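Some notes on the structure that comes next.
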Amino acid sequence: MPSAHEKARILKKKEAAKAKGGKKAEVKDDAENGTSAEGSKVGSKEGTPKPQSNGSTANMTAEEILCVALEEEKAAATEARACTGVLGIHPLARDIKIDNFSVTFYGSELLQDTKIELSVGNRYGLMGSNGCGKSTFLACLGNREVPIQDHIDIYYLDREIPASEKTALQAVMDADQERTKLEALAETLAVQTDDASQEFLMQVYERLDDMGADTAEARAAHLLMGLQFTPTMQTKKCKDFSGGWRMRVALARALFLKPHLLLLDEPTNHLDLEACVWLEEELKTYPTILVIVSHSQDFLNGVCTSIMHMDQRKLKIYGGNYDTFMKTRGEQVEAQMKQYNWEQEQIAHMKEYIARFGHGSAKLARQAQSKEKTLAKMVADGLTEKVTGDRSITFCFYDCGKIPPPVIAVQNVSFRYNDQTPYIYKNLEFGMDLDTRLALVGPNGAGKSTLIKLIYGDLSPTEGMVRRHNHLKMGLYHQHMHELLEMDLSPLDYMLKKFPHFKDRDDMRKVIGRYGITGKAQTAPIKQLSDGQKCRVVFAWLSWQMPHMLLLDEPTNHLDMETIDALADAIKEYEGGVILVSHDFRLIDQVASEIWICEHQKVVKWNGGIQDYKTHLKAKVMKEANQDAKTKGLDKGVRGSW
């Protein structure tokens, strides 16, 4: 029998459910939001609804047109992808094991007869060069294109949530479809009077208590706060957010659900440094299985317990974080190289002996035959493969000559987008020359990208003036440029179209080849390339404009570690000025001589290095997060079993 307190609690819930109007109100709400009361099946991938296109784009915004194009590209990629594998573990096991796993994409084999082993409690960083198939691998797991136990729920984050009428907070809470269904069921049962319905209602309430349904809104709000959503922004409709902010909502949904298998593809791409620090702290205690693609060395070091390396169509797992992986792999490559050289020396020696003495005296002939048998046994047992290094990538930003200072002068500049919006900057005053090596940091919305657009000339100051040298040529890179390429052209044809003075195709092949676009990738349609390869095409295009000053807004998005290092080397060798906005602490550390903080309508120089700034941010972010959790009365309770 329930206690008097329990009865009072249940009665209170029943009265609240009746006040909401029961099941009919729930169905109406679902209809208004365009969702089904049934929801998706438990354990299925959290899908992203596709924008409806009737073939006409006349009434669509530029962002909606881009979303439709990306969805069509995604559908084409799904059609072009094929994978096979065999479940290699008990159907009720909590770990995941798939044997004989193979993946092909547009006929090219990315993985061949490899093995996947993912253990509970481990956080895997997926590593590999651009174009090796990391995103394709995640898509295969996220879409259940290979056998994975039915009881394992999966959340695959690769896109932002669609623009809808839901608020950011509601969008996060609605991700938990089991809780939503149970709350709807409770409202239906609350208006029933028979004993069986009341008994069932008590069971539903117990399950909701196990799941922490009473704290669902507080948990969702806390996650959004960590991703830099203010209380006002949390009540703002998703359709009013940019794509970057909707990606943060999608990330909050993933963390709210805490699925058994969480797959994150470049989650830091749309985050500022504060949100990156918070996410690193949030993910480093993820309790089940996390697989993450990221090219931020700091982030991988902070989060991962293992590194999964895609190389030569195989998957190999190394224990430890990224630094440990690099050390271990370096030692293995060195040992493999020594073993290979020793084997080749032995083989050469034995072959020479056999050739010289194989037809000599009986004693020497017997020794030659013995060496021949030894050689045959070595070959039969398998020889060590020759070490094949990754293809070298060398970026280059060509010098366009010198121009005398002042190159750029920002004079008493204030800016806001219109009369109804607050000022983003007030009374800015500074200058820049060709020796400038500057990194802009600060929270999202503080105006880092806005400042770059003001300097470039895409935006005009509300007050004041930006003076640029008459002969100044600037090169602008922003994080969405790879989406604006002509997808049906090949990289080679695209570059020849942009630079018609190049008449020789072979010369242009050499130009894009040094940026890692080689072989078939040069002549394949751009839509078949990975995001990282598309970004390399953009950098090849940018370098051949030969600018005096580079304005780089999140240039590391989608690039692998080797390419980021090549970019850093190119920036260090570049003769012109550089203004950088990036969430990659490592790149900033390599190339920036000054760090400016954009915040509170002004720009202030940070006196210290980027690692000092990260330490400062971590202390600030975690203090705010802990205070927020305490205010909301949150603990680290786990979802119960149903």
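The values are calculated or read from the model by the stated rules, or taken from the named source; none is laboratory data. Remember, it's a predicted structure, so these values are computed and weren't measured experimentally. Cβ atoms come from the backbone with ideal geometry, glycine included; neighbour counts cover every protein chain shown. Heavy atoms of the whole protein, side chains included, go into the accessibility calculation; ligands, DNA and RNA do not. Shrake-Rupley method; radii C 1.70, N 1.55, O 1.52, S 1.80 Å.
Assorted remarks:
- Within segment 465-492, tally of residues that are part of a helix (DSSP H, G or I), touching a residue at least 40 places away in the same chain (Cβ under 8 Å) and open to solvent by less than 40 Å² (accessible area, probe 1.4 Å): 3
- Pick from segment 445-464, criterion touching a strand residue (DSSP E or B) at 6+ places or on another chain (Cβ under 9 Å) and part of a loop (DSSP other than H, G, I, E, B), ranking: farthest from Glu554 (Cα to Cα): Thr462
- Leu428 among the aliphatic types (A, V, I, L, M), part of a strand (DSSP E or B) and touching a strand residue (DSSP E or B) at 6+ places or on another chain (Cβ under 9 Å): yes
- The residue pairs whose first member lies in segment 365-376 and is farther than 9 Å from Met350 by Cβ and among the polar types (S, T, N, Q), whose second member is assigned to a helix (DSSP H, G or I) and open to solvent by less than 70 Å² (accessible area, probe 1.4 Å), and whose beta carbons are closer than 9 Å, counting only pairs six or more residues apart or on different chains, are Gln367/Tyr353; Gln367/Phe357; Gln369/Ile354.
- Across segment 329-373, the qualifying residues are those that are farther than 28 Å from Val387 by Cα and in contact with a helix residue (DSSP H, G or I) (Cβ under 6 Å, 6 or more places away or on another chain), and the one among them that is least open to solvent (accessible area, probe 1.4 Å) is Ala368.
- Selection from segment 303-314 of residues that are open to solvent by less than 40 Å² (accessible area, probe 1.4 Å) and either over 10 Å from Met127 (Cβ atoms) or without any contact (Cβ under 8 Å) to a residue 40 or more places away in the chain (or both): Val303, Ser306
- The selection criterion, being hydrophobic (A, V, I, L, M, F, W, C) and within 30 Å of His558 (Cα to Cα), does not hold for Phe200.
- Residue that is farthest from Lys448 (Cα to Cα), among those in segment 258-302 that are of a type in the set (D, E, K, R) and in contact (Cβ under 8 Å) with a residue 60 or more places away in the chain: Lys258
- From Ser294, Ser306, residue being closer than 23 Å to Phe101 by Cβ, within 17 Å of the chain's Cα centre (by Cα) and among the hydroxyl-bearing types (Ser, Thr, Tyr): Ser294
- Within segment 302-325, considering residues that are in contact with a strand residue (DSSP E or B) (Cβ under 9 Å, 6 or more places away or on another chain) and assigned to a helix (DSSP H, G or I), the one nearest to Val621 (Cα to Cα): Val303
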